[in-house]
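Student: Pasting a structure here, questions to come.
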Amino acid sequence: MSKLRIAVIGCGSIARHRHIPEYAAHPDVELVAFCDVVPERANFFANQYHATAYSNYEDLLANEKLDAVSVCLPNYLHAPVSIKAAQSGVHVLCEKPMATTADEARAMIQAAEEHHVFLMIGHNQRFMPPHQKAKEILKRGYLGRVISFRTAFGHPGPESWSVDGKNSWFFRKNEAVMGAMGDLGVHKADLIRYLLDDEVSEVGAIVDTLAKNNTDVDDNAVCILKTKKGVIGTLAASWSYQQEDNSTILYCEHGVLRLAEDPVNQVVVSLHDGSIENYQVGAVATNEKQVTSGVIDDFIHAIQTGTKPSISGEEGLRSLSVVLAMIESSDKKTFITVQP
Ligand SMILES: NC(=O)c1ccc[n+]([C@@H]2O[C@H](COP(=O)([O-])OP(=O)(O)OC[C@H]3O[C@@H](n4cnc5c(N)ncnc54)[C@H](O)[C@@H]3O)[C@@H](O)[C@H]2O)c1
């Protein structure tokens, strides 16, 4: 079988930490082209993988014979670049948040459908070992119904993450559109939908800029969620937690499920009968400590088997819709019904 020909568009942090090494580690993949507006970033990887460097993604799509691309760009470029790639007949793995509006996200889904290519969104929280284990435990049913939850994702902010540091696009509303909510909140909105196998139906939120003076996007948010099945919970997203929090607690009928709270036992089940189950399954990824995301392997598997990726454009749209509703709730100071 010939190798799948892949290009990576945007050669910043998520590309260099996750997409590029995970494609490079895949035996059935050939990295053939890289694109970045900063030419040395694309050149660096093109030299390393004997590939071609571009500074314009349209030139890359026009010149290269590709099977798929990763879109690792600032949020405002996700939709136009993903749509253009789909129109060129290549499968698309786009980073989260899928887009900046629901209409953009729908246009991405439509472009992929019309051109018979797959669209996958990089919601890697689903694949993290504690979350996979939690899914398995919940499926077994012995915890009973989930009644409420709290989930949080906070770290000091993108200054130490983005390739452009404190001058990053992450801090500019015209490129990021959303701040901590688009960076971190959308991860947890997606995780809750995934773990509960449920849809968020209603949200209330306070989304604010409290800690940073170099930005016109949100850096802190606290949100209340209700799901279609009637579960209620809270979600916090922050760029000012100096100690990272990436934890989730599910309060269930027969016990409590704690995820990524204890660094040793990443999954802890405390049953109401007093018994405790500790699981050492591996950590969630942090900015400093990266672990294999599993997203790239899943994307390649989807292409090879012709099976729609599990984290499809429709899934990305639903998680994005939750975050957009939270921002609307904060702006309007009222609860909002989530419109997928
Ligand atoms: N799944 C995850 O856990 C995760 C983690 C971090 C970031 N992300 C997402 O990945 C995306 C990229 O984030 P990042 O952290 O890599 O940002 P980054 O700032 O480190 O890198 C962005 C890169 O895009 C390049 N770029 C900007 N405009 C371009 C254009 N028109 N054409 C080509 N290149 C262009 C920049 O020069 C830069 O190299 C964001 O949407 C972000 O939300 C996802």
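Student: Could you bin all the Cα-Cα distances of the chain into 10 Å bins starting at 0 and give me the percent of pairs in each, rounded to whole numbers?
Tutor: Binned Cα distances yield the sequence 6, 26, 34, 24, 9, 1, 0.
Student: Ranked highest first by the average count of other Cβ atoms within 10 Å around their residues, in what order do 194-207, 122-135, 139-152 fall? Write down the numbers at each step before the final one.
Tutor: On the way: 194-207: 19.4, 122-135: 22.1, 139-152: 15.4.
Put in order of decreasing packing, that is 122-135, 194-207, 139-152.
Student: Given the Cα-Cα distance of Thr334 and Glu314 and 0.36 nm per residue of separation, how much length would full extension add, in nm?
Tutor: On the way: separation 20, 0.36 × 20 = 7.20 nm, distance 2.62 nm.
Here the answer is 4.6 nm.
Student: Here are some pairs, Lys228/Lys308; Lys166/Lys228; Lys133/Lys173; Lys65/Lys96; Lys228/Lys333; which of them have Cα atoms lying more than 31 Å apart in this structure?
Tutor: Correct reply: Lys166/Lys228; Lys133/Lys173.
Student: Tell me, in nm to one decimal, what length is gained between Ser240 and Glu175 on full extension, where the rule is 0.36 nm per residue of separation less the Cα-Cα distance?
Tutor: On the way: separation 65, 0.36 × 65 = 23.40 nm, distance 2.07 nm.
Fully extending the segment from Ser240 to Glu175 adds 21.3 nm.
Student: Take Ile224 and Thr305, extend 7 Å from each Cα along the Cα→Cβ direction, and tell me the distance between the two endpoints in nm.
Tutor: For the pair Ile224/Thr305, the computed spacing is 4.2 nm.
Student: Where does each of 272-279, 2-9 land if you order them by average Cβ count within 10 Å, highest first? Walk me through the numbers before you get to the answer.
Tutor: On the way: 272-279: 11.2, 2-9: 21.0.
Highest to lowest by the protection proxy: 2-9, 272-279.
Student: Using the Karplus curve 6.51 cos²θ - 1.76 cosθ + 1.60 with θ = phi - 60°, work out ³J(HN,Hα) for each residue of segment 133-150 in order, rounded to whole Hz, and write x for Gly and Pro.
Tutor: For segment 133-150, the Karplus curve yields 5, 4, 4, 5, 5, 5, 5, 5, x, 6, 7, x, 5, 7, 9, 8, 8, 9 Hz.
Student: Any idea how far apart Asp28 and His50 come out in nm if each label point goes 7 Å out from Cα toward Cβ?
Tutor: Each label point is offset 7 Å from its Cα along the Cβ direction, giving 2.2 nm.
Student: Where does each of 211-217, 108-114 land if you order them by average Cβ count within 10 Å, highest first? The partial results should precede the final answer.
Tutor: Details: 211-217: 15.9, 108-114: 18.4.
The densest-packed peptide leads the list: 108-114, 211-217.
Student: Cα axis of helix 39-49 to longest principal axis of the chain: angle in degrees, 0 to 90, nearest 10?
Tutor: It works out to around 90 degrees.
Student: Using only Cα atoms, tell me the angle between helix 78-87 and the longest principal axis of the chain; keep it within 0 to 90° and round to the nearest 10.
Tutor: 50 degrees
Student: Obtain the nm distance between the two label points defined at Lys166 and Asn63 by a simple spin-label model: each point lies 7 Å from its Cα along the Cα-to-C-beta direction.
Tutor: For the pair Lys166/Asn63, the computed spacing is 3.7 nm.
Student: Next up: Given that compact globular proteins tend to follow 2.2 N^0.38 Å, what is the ratio of the alpha-carbon Rg of segment 17-64 to that value? Write down the numbers at each step before the final one.
Tutor: Numbers: Rg = 10.6 Å, N = 48, 2.2 N^0.38 = 9.6 Å.
Ratio of Cα Rg to 2.2 N^0.38 Å: 1.10.
Student: For the chain, give me the percentage of DSSP beta bridges that are antiparallel, rounded to the nearest 5 percent.
Tutor: Numbers: 37 of 64 bridges.
Antiparallel bridges: around 60 percent, rounded to the nearest 5.
Throughout, read-outs are computed from the coordinates displayed, never taken from laboratory work. From a predicted model like this one, the values you see are computed outputs, not experimental measurements. As a convention, Cβ positions derive from the backbone with ideal geometry for all residues, glycine included, and neighbour counts pool all protein chains shown.
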